[in-house]
Amino acid sequence: MSAEQVVPGIRYKRPIIAVFVLVALGLALAVVLHNNPLADPETERLKKICTCVLLALAVFVFTAFYDRWMILPVELFHSRRLIVRLSVNDFKKRYAGSYMGVVWALLQPVVTVAMYWFVFDRIMHARQEIAAADIEVPYVLFLTAGLVPWFYFQEALMNGTTALLEYNYLVKKVLFKISILPLIKIIAATFIHVFFIAVCLAVAAMYGYHPSLYTLQILYYGFCEFFLVLAICYTTCAVVVFFRDLTQIVAIALQLGTWATPILWDINGIGDQYKWIAKLNPMTYIVEGYRMSVYGQEWFWQHFYSSTYFWIVSVSLFLFGSLVFKRSKIHFADVL
């Protein structure tokens, strides 16, 4: 067995590490040169020092543990065609046997938006709500733009958590790469999410907020959410094999998350002493990002420190999840 088979991607180890170091140096330079005249100078200096230290630590950890952490990404890349095929099959399988089939999946977001429109716009007449950056928008649009990423997060996380349990017959196959199973469930959930985004943009257009260059940011925030939920699922899907109660814990956590995330309420309507706590939730970054993409006029790089924090948390969760999954997978077949 060659060294490349033992450690996938070893041929490209030096170029990948070099690219990672260059990106880290670029981010560090951007942090140092970034200037916010409205912020407190001491606070800004502290943020810059902390960010540079974290980037330096990330470079050291990535370089030192490259051989351990790159196994999972390389496996996913080599199985990309199989992943796409199985994801489409998984999506179709959910509605197999029903007369309307996939139409049920597409009908759900339409009914959801219609219900909120009728309740908040026609009955309660909650027409205006200051949502972000002093932009007044109809509450139904404010709510829909927050529900779009949250519904995706809920479905992808729940399905990804139970992926190994559902496909236990594949887990027991020696030659099958079980690392692709959580990814399959998340991609299957993405199909409905794309349609839900289209519905949200249609609602925005009805109220006069037509697509613009800012709308393209949905691709960025969509990737952010995809990466975040994948990072979490590698931990949850591995743990749930040994601790089945985790499924119920995740469901309760998602219920609490609906209120802990600024979906039904405006983050700008709370005091600064609580706002920083809400921003510790990575989904706050994504929900607010979707709103900026649908009706806002801000680019994601204008929220430099929020973006930096999100990616530090997401990458850390992915690295942790990949290690947990790698160490646990040798016992999956015995338990399942």
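Is there a residue in segment 317-327 that is of a type outside the set (A, V, I, L, M, F, W, C), out of contact with any helix residue (DSSP H, G or I) (no Cβ under 6 Å at 6 or more places or on another chain), assigned by TED's automatic domain parsing to the domain that holds I180 and under 21 Å from A58 (Cα atoms)?
Start the filter on segment 317-327 by keeping residues that are of a type outside the set (A, V, I, L, M, F, W, C), which leaves 321-322, 326-327.
Filter once more, keeping what is out of contact with any helix residue (DSSP H, G or I) (no Cβ under 6 Å at 6 or more places or on another chain): 326-327.
When the remaining residues are screened for being assigned by TED's automatic domain parsing to the domain that holds I180, the result is 326-327.
Checking the rest, the ones that are also under 21 Å from A58 (Cα atoms) come to 326.
Yes, there is a match, as at least one residue in segment 317-327 is of a type outside the set (A, V, I, L, M, F, W, C), out of contact with any helix residue (DSSP H, G or I) (no Cβ under 6 Å at 6 or more places or on another chain), assigned by TED's automatic domain parsing to the domain that holds I180 and under 21 Å from A58 (Cα atoms).
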Mind listing whichever residues of segment 160-192 are hydrophobic (A, V, I, L, M, F, W, C) and not in a helix (DSSP H, G or I)? V174, L175, F176
Considering residues that are touching a Cys at 6+ places or on another chain (Cβ under 8 Å) and under 17 Å from T247 (Cα atoms), the number found within segment 143-164 is 7
Quick check on segment 198-220. Is at least one of its residues closer than 24 Å to P73 by Cα and surrounded by fewer than 21 Cβ atoms within 10 Å (Cβ to Cβ)? yes
With the requirement that a residue be more than 16 Å from Y214 (Cβ to Cβ) and aliphatic (A, V, I, L, M), what does segment 274-296 give you? I277, A278, L280, M283
Which residue pairs have Cβ atoms under 8 Å apart, sit 6 or more places apart or on different chains, and have a first residue in segment 153-170 that is assigned by TED's automatic domain parsing to the domain that holds A260 and a second that is in a helix (DSSP H, G or I) and polar (S, T, N, Q)? A156/T190; L157/T236; M158/T247; G160/T236; T161/T236; T161/T247; T162/T247
Mind telling me which of the residues A231, A238, A251 ends up being part of a helix (DSSP H, G or I), in contact (Cβ under 8 Å) with a residue 12 or more places away in the chain, of a type outside the set (D, E) and surrounded by fewer than 19 Cβ atoms within 10 Å (Cβ to Cβ)? A251
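Within segment 314-336, restricting attention to residues that are β-branched (V, I, T) and in contact (Cβ under 8 Å) with a residue 60 or more places away in the chain, which residue is surrounded by the fewest Cβ atoms within 10 Å (Cβ to Cβ)? Steps first, answer last, please.
So in segment 314-336, the residues β-branched (V, I, T) come out as 315, 324, 330, 335.
Next, from what is left, pick out any that are in contact (Cβ under 8 Å) with a residue 60 or more places away in the chain: 315, 324, 335.
Numbers: V315: 15, V324: 16, V335: 11.
Filtering segment 314-336 for residues that are β-branched (V, I, T) and in contact (Cβ under 8 Å) with a residue 60 or more places away in the chain, the one surrounded by the fewest Cβ atoms within 10 Å (Cβ to Cβ) comes out as V335.
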Helices (runs of 4 or more DSSP H) wholly inside segment 1-110 that include at least 3 residues being at pLDDT 80 or above: 13-33, 41-64, 80-94
Residues in segment 259-284 that are surrounded by fewer than 13 Cβ atoms within 10 Å (Cβ to Cβ) and under 15 Å from the mean Cα position of the chain (by Cα) total 1
When segment 176-197 is examined, which residues are found to be among the basic types (K, R) and crowded, with 19+ Cβ neighbours inside 10 Å? K185
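The values are calculated or read from the model by the stated rules, or taken from the named source; none is laboratory data. This is a predicted model, so every value here is computed, not measured. Don't worry about glycine lacking a Cβ; one is built from the backbone with ideal geometry, like all the others, and counts go over all protein chains shown.
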